[in-house]
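Student: Take a look at the following structure, please.
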Amino acid sequence: MPPTRTAISQAPANSSTSTSLRNAPYTSAITGFKPVDWQQISGWQTDDLTQAWPAWLKSCEALRKRKSEVQWAEVCARVIGISAEDGVAIRRYFETYFQAYETFALSNNNYSGLVTGYYEPVMNGSRQRTSLFTVPLYAYPKAWQKVKPNPAPTRAELMSANNLTGSELVWVQDPVAAAFMQIQGSGKIRLNDGQVLRLGFAGTNDQPFKSFAQWLLNQGYITRSEATMQGIQQWARNNPQRVEEMLNANPRFVFFKVLPSNVAADLGPIGALGVPLTTERSIAVDRYSLPLGAPVFLSTTRPSSTQTLQRLVMAQDTGTAIVGAVRADYYWGSGEAAGELAGRMKQAGRAWLLLPR
């Protein structure tokens, strides 16, 4: 079944564009902000805010240290003394100290946008190449730290020239799974001794990202309903001799670094804000649309479904493909089950930005 797009009404163009920008303590060149009452936010009263509170505390840890046009210090100071289990007090906190603004695209006054999903891959691997683990994940080339080629080689050129020898961090089994880990930008590798390596984003070859799902569609190899992570993996299993050709359709190549062992294995990957992501309570946003760290109330639907998904999340990450005014990438967590959900999520959604009064 193709992903279901929920019909979300488009607000009519009116004079709110200028007034909302004037009233909000944050401005964006691509996004407008319309102040609303809490009662106007569908789902706000029913969300379990105790599940979002730990993610907000993580945001505050980072926001206290960052320079921003938004004054976060006072509202972050007021979290002291609020019990993480007291949903009533948490709701009172947000309603007292924050103003909600519905977001819309300045280009067309559209309040509806796209919500996709992402996750942290977990796969088995080895520190050394073996007969089973033959696909390397690479560290950022040491030579590039001094002088980076301009332009840097594409993925196809890097693979054919074999000039990354010596930069291997770890070896895994599946080249398509490795490519998806590159797209996600982080992951966990389970070694045969039980140790878990946390890999984080270390850089790219600065080539543009191009979707190999789109390449498959353009070639007529898959249908729109099959243009999911699961559909791509199935095509690869059926066409092993064409996998490298498919992967080379994306010229971008991502390098990793091993995160310190003091990063707990049960925490999410570190997002662009510099804090661990929280399962189902963190999103990636366009940094030119929304301020990093901010609370956002998201209203969308679950993957390939019309089942409502309405909850408070934190804008704690960014992504090269996350571009636009009403645009979010929803973090589903780690592992295969999260990947199943993330791979199918392509839903319509609306978002309300919460800013200090």
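The values are calculated or read from the model by the stated rules, or taken from the named source; none is laboratory data. Note that the coordinates shown come from a computational prediction; the quantities given were computed from them, not determined experimentally. Every residue, glycine among them, receives a Cβ derived from its backbone with ideal geometry; neighbour counts consider all protein chains shown.
Student: What number of residues within segment 306-357 satisfy the criterion of being free of Cβ contacts under 8 Å to residues at least 60 places away in the same chain and either of a type in the set (D, E, K, R) or in contact with a His (Cβ under 8 Å, 6 or more places away or on another chain) (or both)?
Tutor: So the answer is 1.
Each row is one residue, and each column tells you yes or no for (1) hydrophobic (A, V, I, L, M, F, W, C); (2) farther than 23 Å from residue 164 by Cα; (3) in the same structural domain as residue 206 (by TED's automatic domain parsing).
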| position | (1), (2), (3) |
| --- | --- |
| 227 | yes, yes, yes |
| 233 | no, yes, yes |
| 238 | no, yes, yes |
| 244 | no, no, yes |
| 250 | no, no, yes |
| 268 | no, yes, no |
| 283 | yes, yes, no |
| 286 | no, yes, no |
| 292 | yes, yes, no |
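Student: Check 275, 285, 258, 254 and return the single one that is surrounded by fewer than 18 Cβ atoms within 10 Å (Cβ to Cβ) and hydrophobic (A, V, I, L, M, F, W, C).
Tutor: Answer to the check: 258.
So that you can scan it fast, the table gives a plain yes or no per residue for (1) under 26 Å from the mean Cα position of the chain (by Cα); (2) touching a residue at least 12 places away in the same chain (Cβ under 8 Å); (3) in a helix (DSSP H, G or I):
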residue	(1), (2), (3)
29	yes, yes, no
39	no, no, yes
55	yes, yes, yes
60	yes, yes, yes
68	yes, yes, no
71	yes, yes, no
76	yes, yes, yes
83	no, no, no
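Student: Scan segment 195-202 and give yes if some residue there is out of contact with any Lys or Arg (no Cβ under 7 Å at 6 or more places or on another chain) and either in the same structural domain as residue 346 (by TED's automatic domain parsing) or among the basic types (Lys, Arg) (or both), otherwise no.
Tutor: No, segment 195-202 has no match at all.
Student: Could you name every one of the strands (runs of 3 or more DSSP E) located completely within segment 254-357 that has at least 3 residues being over 23 Å from residue 179 (Cβ atoms)?
Tutor: 295-301, 308-317, 346-356
Student: Just for segment 85-95: of the residues that are under 28 Å from the mean Cα position of the chain (by Cα) and of a type outside the set (Ser, Thr, Tyr), which one is surrounded by the fewest Cβ atoms within 10 Å (Cβ to Cβ)?
Tutor: Taking the candidates together, the pick is 85.
Student: Same structure, new question: Considering only residues of segment 52-84 that are farther than 22 Å from residue 291 by Cβ and of a type outside the set (A, V, I, L, M), which is surrounded by the fewest Cβ atoms within 10 Å (Cβ to Cβ)?
Tutor: If we take residues in segment 52-84 being farther than 22 Å from residue 291 by Cβ and of a type outside the set (A, V, I, L, M), then 81 is surrounded by the fewest Cβ atoms within 10 Å (Cβ to Cβ).
Student: Name the residues in segment 302-357 that are among the small types (Gly, Ala, Ser) and farther than 24 Å from residue 197 by Cα, would you?
Tutor: 304, 305, 315, 321, 324, 325, 328, 348, 349, 351
Student: Return a yes/no flag: does segment 71-90 have any residue that is polar (S, T, N, Q), in the same structural domain as residue 35 (by TED's automatic domain parsing) and within 26 Å of residue 28 (Cβ to Cβ).
Tutor: Within segment 71-90, one or more residues are polar (S, T, N, Q), in the same structural domain as residue 35 (by TED's automatic domain parsing) and within 26 Å of residue 28 (Cβ to Cβ).
Student: For the structure I just gave you, tell me whether residue 51 is in contact with a strand residue (DSSP E or B) (Cβ under 8 Å, 6 or more places away or on another chain), of a type outside the set (Asp, Glu) and either in the same structural domain as residue 322 (by TED's automatic domain parsing) or closer than 18 Å to residue 92 by Cβ (or both).
Tutor: yes
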